[in-house]
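Down below is the structure, laid out as structure tokens.
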Amino acid sequence: MVSKIMIFVAAALAVCAMGSEVAINDAERASKKCSGKAIYLVQIDYLWTGATHPFAYPDNGYFSPTAVASHGNGFHLWTPHGYSTRGVENVAERGRLSILLGELAAQKGRNVFDFVYTEERTEDGSETVKLLIKLDYTRPYVSGISMLTPSPDWFTGFDDALLCVEGKWVKQYERNLSVWDAGTDKGEDFESPNRNQFPRRPIVSILGSRFNSVPVGTVKIIRKRVF
């Protein structure tokens with residue numbers, strides 16, 4: 001188990017090292033648009049347990065319902081160093097999707113092409129969630145979010161996964177899942193009481209400071225159909 005965790009950490013650090021280069025190249029890679037529409041399977045393998053995170057897992061830890069959206073580059077479900085919307089705040093603090101789904105519905109047909117979500121939370125911190133999402137050539141990005149529960153305002157997810165590269169729908173996309181502080185609550189521990197953060201702080205990763213740099217899972221986005 002220890003060796004597997006070390007490999008997982010090494011992979012996470014490699015992904016982080018490539019992050020800035022990927023961000024720089026995204027605009028160029030997206031300049032050639034894909035044709036038509038595509039359907040992708042979003043498979044999220046959550047892995048947050050006492051074995052993987054011995055110093056960062058409460059006995060009753062689980063993930064809230066998960067939301068995933070496809071969108072264009074003029075929209076962000078959430079973004080590192082950005083500020084949480086009311087919808088993201090509600091997910092990160094309470095695990096509730098209602099406000100976020102309203103924000104997505106308001107953008108559907110414009111910056112948002114499709115959004116899907118699970119109805120139930122996970123049983124614990126190790127579970128696989130699968131959702132099908134549609135994209136089109138003007139909205140080839142996918143983002144997702146779920147709360148780590150219990151926590152003050154911590155969530156996991158992925159932002160702006162680009163699935164159209166150099167005019168082609170990619171076969172598969174994979175990323176490790178970090179943990180993010182939404183910047184809306186002052187709490188510093190899993191069971192901290194609610195204390196609003198004002199003014200809000202930017203969204204930042206706490207994977208290194210709180211979770212010993214061990215990801216809480218992976219997301220795989222697999223192409224199923226192009227039409």
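Every read-out reported here was derived from the displayed coordinates using simple, explicitly stated rules and does not represent laboratory data. These numbers come from a predicted model, not from an experiment. Neighbour counts are summed over all protein chains in view; Cβ atoms, including those assigned to glycine, are modelled from backbone coordinates with ideal geometry.
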State, as an integer percentage, the relative contact order of the chain based on alpha-carbon contacts under 8 Å between residues 6 or more apart. 31 percent
State which helices in the chain qualify, where a helix is a whole DSSP H run, it must extend 24 Å or more along its own axis by its Cα atoms, and its mean Kyte-Doolittle hydropathy must be at least -1.0. 2-30
Going by average Cβ neighbours within 10 Å, how do the peptides 178-189, 194-205, 73-84 rank, with the highest at the top? 178-189, 73-84, 194-205
Percent of Cα-Cα distances greater than 16 Å, calculated over segment 151-227: 60 percent
Return the inverse of the average 1/r over all pairs of distinct C-alpha atoms in segment 2-226, which is the Kirkwood hydrodynamic radius, in Å to one decimal. 17.7 Å
Provide, for segment 2-226, the number of lysine pairs with alpha carbons under 17 Å apart, each pair being eight or more places apart or on different chains. 21
Using +1 on the beta carbon of Lys and Arg, -1 on that of Asp and Glu, and nothing else charged, what's the dipole of segment 2-226 about the Cα centre, debye to 20? 1000 debye
